[in-house]
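Report on the structure given below.
The values are calculated or read from the model by the stated rules, or taken from the named source; none is laboratory data. What you see is a predicted model; the values in this text were computed from it and never measured. Note that we place each Cβ from the backbone using ideal geometry, even for glycine, and neighbour counts take in every protein chain shown. What goes into the accessible areas is simple: the full protein's heavy atoms, side chains included, and nothing from ligands, DNA or RNA. Shrake-Rupley method; radii C 1.70, N 1.55, O 1.52, S 1.80 Å.
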Amino acid sequence: MAMYSRGGGKGGISYGDIPPNQTLYVNNLNEKIKIPELKSCLLELFSSYGEVIDVVAAGALKRKGQAFVVFSDISCATNALRSLNGFVFLDKPMRVSYCRTKSDIVAHEDGTWKPRAKLEAQKADAAKQSKPAAQLIAPNKSAGGAEKTPTMAAHPGAAPDAGGAADGQPSNVLFVENLPPEVNELMLTMLFRQYPGFQEARLIKGRNVAFIEYSDELQAGIAKHGLQGFMVTPEMALKIAFAKQ
């Protein structure tokens, strides 16, 4: 019996021959997206299912369109695999499966790591790619300097800023404030498209605000409820209200 399958008949995918793993292999990714932005968006998306300790993607021609996402435990990886296999990510349905081998970071932790050829070159490449990605998503840091993965916790009790758009009249368009300068439309799209009915994200440059459009008022309200107060950076939480008609 296959451990996991999605769909049926033609196109059905099964993972019965690959044992569960903390590391997920993701392919069929949009090759036009720059590596730092790709890693940043993957981290934001997969962090919804648990602590992500590493995202590996390379710009080499033979490695384009694929990445590895490493979770802190197998159960989180399994939940992400079941939810995101086939998910349309950056305009392409991504394919997610368990990785056939352990990632280096996991092997180091459990003491099974063995040196491989060209390891230093791989480390240098990973360092170049991960630094700008970390800056884009502005991870939270503890007192000891260790990075904490951003969470997707909802804050339904948070009120919109008094200076923002009125919140009394429902609308299919959301007005989002308190955005850091590093945020771009691609990151907003990845954050808000997790909710059904997403249509478009329009960032107003220089004002740190954006308009997020959904198919109808109900879908916009669900997204507003789920992301109100989301910590974009350790100091900045999203302020979301219905846009004025």
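What to note about this one:
- Residues of the range 89-98 that are open to solvent by 20 Å² or more (accessible area, probe 1.4 Å) and either modelled with pLDDT under 90 or acidic (D, E) (or both): D91, K92.
Residues are listed down the side, and each one gets a yes or a no for (1) touching a strand residue (DSSP E or B) at 6+ places or on another chain (Cβ under 6 Å); (2) more than 23 Å from Y195 (Cβ to Cβ); (3) at pLDDT 85 or above:
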position: R6; (1), (2), (3): yes, no, no
position: G9; (1), (2), (3): no, yes, no
position: S14; (1), (2), (3): yes, yes, no
position: K32; (1), (2), (3): no, yes, yes
position: L42; (1), (2), (3): yes, no, yes
position: F46; (1), (2), (3): yes, no, yes
position: L61; (1), (2), (3): no, yes, no
position: Q66; (1), (2), (3): yes, yes, yes
position: S75; (1), (2), (3): no, yes, yes
